[in-house]
Amino acid sequence: METQLYQITDPERDAAVLEKAAGILRRGGLVVFPTETVYGLGGNATDENAAKAIYAAKGRPSDNPLIIHVADPTEAEPYAVTSDAYYRLARHFMPGPLTVILPKKDSIPLSVTGGLDTVAIRCPDHAVARALIKATGLPIAAPSANRSGRPSPTCAAHAAEDLTGRVDMILDGGDCEVGLESTIVKLEGDSGVLLRPGAVTPEDLRRVIPDLTIAPAVTAALGEGERVLSPGMKYRHYAPAAPLVLLEGEEARVRAFLIEKAAERGVGILCFDEEIPLMPTGAVLFPVGGKADLETQAHRLFAALREADAAPEVHQLYAHLPPMDGLGLALYNRAIRAAAHTIVHIT
Ligand code: AMP
Ligand code: MG
């Protein structure tokens, strides 16, 4: 398959490109598009064959359901059983980096939801994404536009690296602002469970859902045979080629450990910006942003993991264990999975 690549910044000025992309989606094809979280691999969510094509292009297990993207929160109505709690969340956080799990309606095939009777709804806060969805007049199923097991793409080049020849079109709208996938909340009446942390934090959500709980799989390794609420949580995502070890402990000690390790051959460090000048010459560094700048760390993490993968000399990676509050929880969740839960306490 030939993959067309177009730059798109202003949906109005680039209306011809947008219409071309919408046509592909209406005909059952696949289009990669930018969102504020990560790039999405879009297909018509009401078309079973488009869903199959998405799973095939990603190499994704078909029991791992897809998120349905709509241009406006009310556009979920034909596909999901909405509720007061849904609209309260929508008022606060949509359009934005939040996905809500609701009971599904028959218009969405089971092949899209991995056989579940629920459906994931998201309304992205990105001009190109919303204009594209509007132009199709369809709900768009869109998982992250990476091959399964690779970090989510935060720029068009990442998506092109993974999916060239596997999709009809890639729309390049520049870097994704957030850089981590959406927060996922499953609504149960007025209560909710956080299934995946993202830029909408638990603290944000509790202003709307005071008794929000956090699924154990967000912060812990799954036990053998344990049931997960979100099928995606049982897969080891974001696996860098070199094993990643996360470090916790007193700041000065962790830093000293990293400086020592950085001098070894084959070691790569996902370091804070302020650590760069402290590292030995020749150290292989993948800076993720300032220690206190969690937004930049979120924005940089997946690109840093891809850079580490592309560095053939690196066979061991180290990084700081992120904090568990605010946006830190989303970083923590991605980091422990990339590290296959390998955390070392430095004393
Ligand atoms: P991605 O689209 O790559 O960000 O992955 C989508 C995530 O949403 C996966 O982790 C899925 O398990 C989760 N998801 C999608 N639909 C549902 C659903 N109906 N119930 C629970 N989790 C879901
Ligand atoms: Mg994904």
| Condition met for Asp204 (more than 24 Å from Ala308 (Cα to Cα), assigned to a loop (DSSP other than H, G, I, E, B) and among the acidic types (Asp, Glu)) | no
| request: Please report, ordered by residue number, the strands (runs of 3 or more DSSP E) entirely within the stretch 94-177 with at least 1 residues that are within 14 Å of ligand 1 (Cβ to nearest atom) and of a type in the set (Gly, Ala, Ser). | output: 118-122
| note | By residue number, the members of the stretch 265-283 that are free of Cβ contacts under 8 Å to residues at least 40 places away in the same chain, more than 13 Å from Ala319 (Cβ to Cβ) and either part of a helix (DSSP H, G or I) or out of contact with any helix residue (DSSP H, G or I) (no Cβ under 7 Å at 6 or more places or on another chain) (or both) are Asp273, Glu274, Ile276, Pro277, Leu278, Thr281, Gly282
| query | For the stretch 1-57, what are the residues that are of a type in the set (Lys, Arg) and in a loop (DSSP other than H, G, I, E, B)? | reply | Arg13, Arg27
| task | Report, by residue number, each residue of the stretch 12-52 that is of a type outside the set (A, V, I, L, M) and either at positive phi or touching a Lys or Arg at 6+ places or on another chain (Cβ under 8 Å) (or both). | result | Gly28, Asn44
| said: Suppose we keep only residues that are among the hydrophobic types (A, V, I, L, M, F, W, C) and within 17 Å of the chain's Cα centre (by Cα) within the stretch 161-176. Which one would you say is nearest to Arg13 (Cα to Cα)? | reply: Cys176
| query | Which of (1) among the β-branched types (Val, Ile, Thr); (2) more than 16 Å from ligand 1 (Cβ to nearest atom); (3) surrounded by fewer than 19 Cβ atoms within 10 Å (Cβ to Cβ) is the odd one out, the single condition Val81 does not satisfy? | reply | (2)
| said: Criterion first (within 28 Å of Asp117 (Cβ to Cβ), within 12 Å of ligand 1 (Cβ to nearest atom), in contact with a Leu (Cβ under 8 Å, 6 or more places away or on another chain) and modelled with pLDDT of 95 or more) does Leu212 satisfy it? | reply: no
| With respect to Lys261, is the statement that it is in a helix (DSSP H, G or I) and charged (D, E, K, R) true? | yes
| Ala127: more than 16 Å from ligand 2 (Cβ to nearest atom), out of contact with any Gly (no Cβ under 7 Å at 6 or more places or on another chain) and without any contact (Cβ under 8 Å) to a residue 40 or more places away in the chain, yes or no? | no
| request: Tell me, please, whether a residue that is within 16 Å of ligand 2 (Cβ to nearest atom) and either closer than 21 Å to Met1 by Cβ or touching a Ser or Thr at 6+ places or on another chain (Cβ under 8 Å) (or both) can be found in the stretch 164-173. | output: yes
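Just give me the residues in the stretch 319-338 being in contact with a Phe, Trp or Tyr (Cβ under 8 Å, 6 or more places away or on another chain) and within 21 Å of Glu275 (Cα to Cα), in sequence order.
His320, Leu321, Pro322, Pro323, listed by residue number.
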| field | Of all residues making up the stretch 66-78, the number that are more than 11 Å from ligand 1 (Cβ to nearest atom), crowded, with 24+ Cβ neighbours inside 10 Å and not in a helix (DSSP H, G or I) | value | 1
| query | Pick from the stretch 47-65 the residues that are surrounded by 18 or more Cβ atoms within 10 Å (Cβ to Cβ) and under 19 Å from Ala22 (Cα atoms): which of them is nearest to ligand 1 (Cβ to nearest atom)? | reply | Ile54
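Here's the yes/no breakdown for (1) among the acidic types (Asp, Glu); (2) at pLDDT 95 or above; (3) touching a Leu at 6+ places or on another chain (Cβ under 9 Å):
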| site | (1), (2), (3) |
| --- | --- |
| Ala71 | no, yes, yes |
| Glu75 | yes, yes, no |
| Pro78 | no, yes, no |
| Arg88 | no, yes, no |
| Ile101 | no, yes, yes |
| Ser107 | no, yes, no |
| Leu110 | no, yes, yes |
| Thr113 | no, yes, yes |
| message | I'm trying to understand the selection: among the residues of the stretch 129-150, which are hydrophobic (A, V, I, L, M, F, W, C) and closer than 16 Å to Gly173 by Cβ? | response | Ala129, Ala131, Leu132, Ile133, Ala135, Ile140, Ala142, Ala145
| request: Could you please tell me which pairs satisfy a Cβ distance under 9 Å, a separation of 6+ or placement on different chains, a first residue in the stretch 313-331 that is surrounded by fewer than 15 Cβ atoms within 10 Å (Cβ to Cβ), and a second residue that is part of a strand (DSSP E or B)? | output: Glu313/Gly268; Glu313/Val284; His315/Val267; His315/Gly268
| query | Does Asn44 count as without any contact (Cβ under 8 Å) to a residue 40 or more places away in the chain and away from ligand 2 (no atom under 16 Å from the Cβ)? | reply | no
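The values are calculated or read from the model by the stated rules, or taken from the named source; none is laboratory data. As the structure is a computational prediction, the values presented were derived from the model and not from experiment. We place every Cβ from the backbone using ideal geometry, glycine too, and count neighbours over all the protein chains shown.
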